[in-house]
1. So, of the residues in the stretch 152-172 that are polar (S, T, N, Q) and buried (at least 24 other Cβ atoms within 10 Å of the Cβ), which turns out to be nearest to VAL42 (Cα to Cα)?
2. Going residue by residue through the stretch 117-135, is there one that turns out to be closer than 18 Å to PRO19 by Cβ, touching a Leu at 6+ places or on another chain (Cβ under 8 Å), away from ligand 2 (no atom under 16 Å from the Cβ) and of a type outside the set (A, V, I, L, M)?
3. Quick check, is LEU89 of a type outside the set (Asp, Glu) and closer than 22 Å to SER214 by Cβ?
4. Being free of Cβ contacts under 8 Å to residues at least 60 places away in the same chain, in contact with a Lys or Arg (Cβ under 7 Å, 6 or more places away or on another chain) and crowded, with 17+ Cβ neighbours inside 10 Å, is that true of even one residue in the stretch 102-118?
5. When the residues of the stretch 204-236 are filtered to those that are of a type in the set (Lys, Arg) and at pLDDT 85 or above, which remaining residue is surrounded by the most Cβ atoms within 10 Å (Cβ to Cβ)?
6. Looking at (1) modelled with pLDDT of 95 or more; (2) in a loop (DSSP other than H, G, I, E, B); (3) buried (at least 17 other Cβ atoms within 10 Å of the Cβ), can you tell me which one LEU200 breaks?
7. Kindly provide the set of residues from the stretch 266-278 that are under 16 Å from ALA321 (Cβ atoms) and in a helix (DSSP H, G or I), ordered by number.
8. Does GLU166 satisfy being assigned to a loop (DSSP other than H, G, I, E, B), modelled with pLDDT of 95 or more and within 16 Å of ligand 2 (Cβ to nearest atom)?
Amino acid sequence: MIYHARTQLYRVSSEEIEPDVLRLASEILHRGGLVAFPTETVYGLGANAYDAQAVENIFAAKERPLSDPLIVHIADIDQLDEVAMDVPLLARRLGEAFWPGPLTLVLQRGKHIPANVSAGLGTVAVRVPAHPIPLALIRASKVPIAAPSANRFSRPSPTTAQHVLEDLDGRVDLILDGGACPIGVESTVLDLLSDPPVILRPGGLPLEILQGISPRIRVRSRIMESEQDGAVSPGMLLRHYSPNANLIVLNGTPSAVCRRMHSMAIDFISQGKKVGVMVADEEASCFTDLSVVVQALGCGNKLDQIAANLFAAMRELERYAVDVILVGTFSLEGLGLAIRDRLMRAAEGQVIEVD
Ligand code: TXA
Ligand code: MG
């Protein structure tokens with residue numbers, strides 16, 4: 001059954017969070033309701049992590065399969081032992097180095113965390129978000145908050161309160177609008193129970209930076225693999241983050257990609273299709289002679305800009321009701337791995353190699 005609620009939305013300043021709003025949010029969590037809030041990565045849809053019924057409400061609101069585990073958000077590394085057990089030394093070192101921040105650690109699930117948080121697994125994913133609103137909410141409510149991204153299942157992740165409202169109006173009790181999320185892609189999920197530790201989902205904290213603490217950390221890249229062979233992290237399913245349009249990735253040098261995108265756009269238009277393109281600012285002028293909807297993502301070598309605008313651009317193109325979205329690739333360094341991963345999922349594996 002879908003979770004029904006009357007959705008309230010409050011604008012919240014990160015500098016000064018009104019005590020009344022915090023009290024309301026905290027009360028909602030304590031009675032098993034759902035509160036959406038910004039984080040440094042994307043908006044989250046939160047419930048009291050100790051309340052199995054509230055956690056069930058999250059799955060119902062998102063229409064998310066019960067097999068896809070949630071992330072538990074805590075306010076401080078000192079809370080780690082309340083939600084996880086047998087915490088390895090490396091987890092503490094990584095937490096000291098990168099929390100609060102866009103890093104999620106998969107550990108042994110603590111006794112007080114209900115099984116449905118982790119989709120029945122013996123593990124739990126934990127992070128400390130680097131955003132004053134969820135930190136204040138966790139402290140005020142005095143409970144850890146289980147929260148997936150606040151989108152409907154398989155939709156692009158929300159980076160503004162408006163995106164949350166689009167997907168979850170009537171399915172969340174309260175949305176705390178703290179403006180746009182600065183990073184724009186979700187946290188890096190690192191499995192510390194495997195040896196060597198493996199990144200299940202590249203995200204806001206780059207591989208190279210994690211390897212600065214532990215050079216053994218690897219990436220499990222299932223980006224191109226089929227979803228049939230049983231994903232370790234169900235969020236790694238290929239079909240994910242999809243906008244309501246046919247998204248095609250073109251991989252190659254920027255100039256070759258731009259030429260091919262231009263000729264493909266002409267072909268699609270001649271078939272009566274409405275075309276959107278997502279490009280670096282530098283390439284936006286290549287399309288002025290065509291009637292396509294252009295979303296400029298930022299400077300092509302400033303991957304933080306590309307990441308911050310990626311999901312919002314997909315949603316914006318949906319608003320124009322495009323049939324096809326064409327997008328090039330960017331470097332794989334730093335945030336580039338997360339950007340490539342999200343693009344490949346949105347494209348459901350449709351990639352054209354361009355020379
Ligand atoms: O940045 C983020 O991580 C955001 C904000 C709200 O914190 N949250 C987020 O949650 O992206 P969600 O549920 O959309 O993605 C969580 C990912 C999924 O890929 C899920 O499969 C994986 O983490 N995950 C959660 N618990 C896990 C576990 N116990 N073992 C393996 N993977 C797990
Ligand atoms: Mg998600």
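The values are calculated or read from the model by the stated rules, or taken from the named source; none is laboratory data. Quick caveat, the model's predicted, so the values are computed rather than measured. Using ideal geometry, Cβ is built from the backbone for each residue, glycine included, and neighbour counts are taken over all protein chains shown.
1. Here the residue is THR159.
2. Within the stretch 117-135, none of the residues are closer than 18 Å to PRO19 by Cβ, touching a Leu at 6+ places or on another chain (Cβ under 8 Å), away from ligand 2 (no atom under 16 Å from the Cβ) and of a type outside the set (A, V, I, L, M).
3. Answer is yes for this residue.
4. There is at least one residue in the stretch 102-118 that is free of Cβ contacts under 8 Å to residues at least 60 places away in the same chain, in contact with a Lys or Arg (Cβ under 7 Å, 6 or more places away or on another chain) and crowded, with 17+ Cβ neighbours inside 10 Å.
5. ARG220
6. It fails just one condition, (2).
7. PHE268, ILE269
8. No, not satisfied.
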